[in-house]
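Below you will find the structure I want to go over with you.
The values are calculated or read from the model by the stated rules, or taken from the named source; none is laboratory data. Since the model is a prediction, treat every value here as computed from it, not as a measurement. No Cβ is skipped: glycine too gets one built from the backbone with ideal geometry, and neighbour counts run over all protein chains shown. Heavy atoms of the whole protein, side chains included, go into the accessibility calculation; ligands, DNA and RNA do not. Shrake-Rupley method; radii C 1.70, N 1.55, O 1.52, S 1.80 Å.
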Amino acid sequence: MSGPTIRVVVAEDDPLAQMAIESYVARADDIEIVGSATDGAPALELVKSLKPDVLLTDIHMPQMSGVELIRKVFALTDPPRVLCFTVLGDEHTMRTALEAGASGFLLKVDPPDMLIHGIRSAYHGDALVSPRLLATVLRQFQRQVQPPADLGETELELVRLVGKGLDNAQISEAIYLAPSTVKTYVSRLLKKTQSHSRAQLAAKAHEWGLVEN
């Protein structure tokens, strides 16, 4: 692919998972791992010194968890995008990570290509959540919460499409708006719904019953 190289720092305490990530990323000529650490604290120092575009972090690490790392990263002046990559995922873990500032949440059982897509999506300001995790979260929503009353029909449709995992280009094709217009609308929706990321907005779309089960 042409364009700038996406610089990534990895926080992963499992050596085998670290090797797998390096193997996956090696398939993409537009992504480069510029640093890696086995815990949150050293990963934070790498983020400060290397200023990567994306931080790829595990959730469960020995000393500083991925969620704590995300919170500290987003306290920095110019934080990178953050993509979570973990073995186990549930509604609480995903929500906590998204509220901390993560813009994507993938599981290690997802196909390797999804990790590449997730890194690229995070870099471009989009989000990707594991389909396996979304299916689990859907089953956990026993009661449907109504969406805010101040959202109009077009806004609700945009939230629904974000909840289905569509990026800006795909939403543009679905509702016949220019990609730049979609990007503006989604940015406004993030503020209006007090969502820290597209992934959090996607989770809300499911909670509000806007996405078909």
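Which residues, counting only those in the stretch 23-60, are basic (Lys, Arg) and at pLDDT 95 or above?
Hits for the stretch 23-60 are 48, 51.
Only one of 69, 46 is touching an Asp or Glu at 6+ places or on another chain (Cβ under 9 Å) and either buried (at least 17 other Cβ atoms within 10 Å of the Cβ) or touching a residue at least 60 places away in the same chain (Cβ under 8 Å) (or both); which?
Of 69, 46, the one residue that is touching an Asp or Glu at 6+ places or on another chain (Cβ under 9 Å) and either buried (at least 17 other Cβ atoms within 10 Å of the Cβ) or touching a residue at least 60 places away in the same chain (Cβ under 8 Å) (or both) is 69.
Something else now. Pairs only if they're at least six apart or on different chains, beta carbon under 9 angstrom, first in the stretch 181-202 and touching a residue at least 12 places away in the same chain (Cβ under 8 Å) and within 15 Å of residue 104 (Cα to Cα), second open to solvent by 40 Å² or more (accessible area, probe 1.4 Å) and basic (Lys, Arg); list them, first residue then second.
The qualifying pairs are 197/81; 200/95; 202/164.
Out of (1) open to solvent by 60 Å² or more (accessible area, probe 1.4 Å); (2) modelled with pLDDT of 90 or more; (3) more than 30 Å from residue 204 (Cα to Cα), what's the single condition that is false for residue 4?
For residue 4, the failing item is (2).
Taking the options 87, 9, 82, 54, name whichever one is in contact with a strand residue (DSSP E or B) (Cβ under 8 Å, 6 or more places away or on another chain) and farther than 22 Å from residue 165 by Cα.
9
What is the residue count in the stretch 72-100 for residues that are open to solvent by 10 Å² or more (accessible area, probe 1.4 Å) and assigned to a helix (DSSP H, G or I)?
Matching residues across the stretch 72-100 total 8.
Which of the residues that make up the stretch 57-66 are touching a strand residue (DSSP E or B) at 6+ places or on another chain (Cβ under 8 Å) and exposed (fewer than 15 other Cβ atoms within 10 Å of the Cβ)?
60
Counting only residues that are surrounded by fewer than 16 Cβ atoms within 10 Å (Cβ to Cβ) and in a loop (DSSP other than H, G, I, E, B), how many does the stretch 14-43 have?
Total meeting the criteria: 5.
Exactly one condition in (1) within 28 Å of residue 39 (Cβ to Cβ); (2) touching a residue at least 24 places away in the same chain (Cβ under 8 Å); (3) exposed (fewer than 15 other Cβ atoms within 10 Å of the Cβ) is false for residue 148; which is it?
Failing condition for residue 148: (1).
Also: Filter the stretch 159-213 down to the residues that are part of a helix (DSSP H, G or I) and of a type in the set (S, T, N, Q), then identify the one that is surrounded by the fewest Cβ atoms within 10 Å (Cβ to Cβ).
That would be 180.
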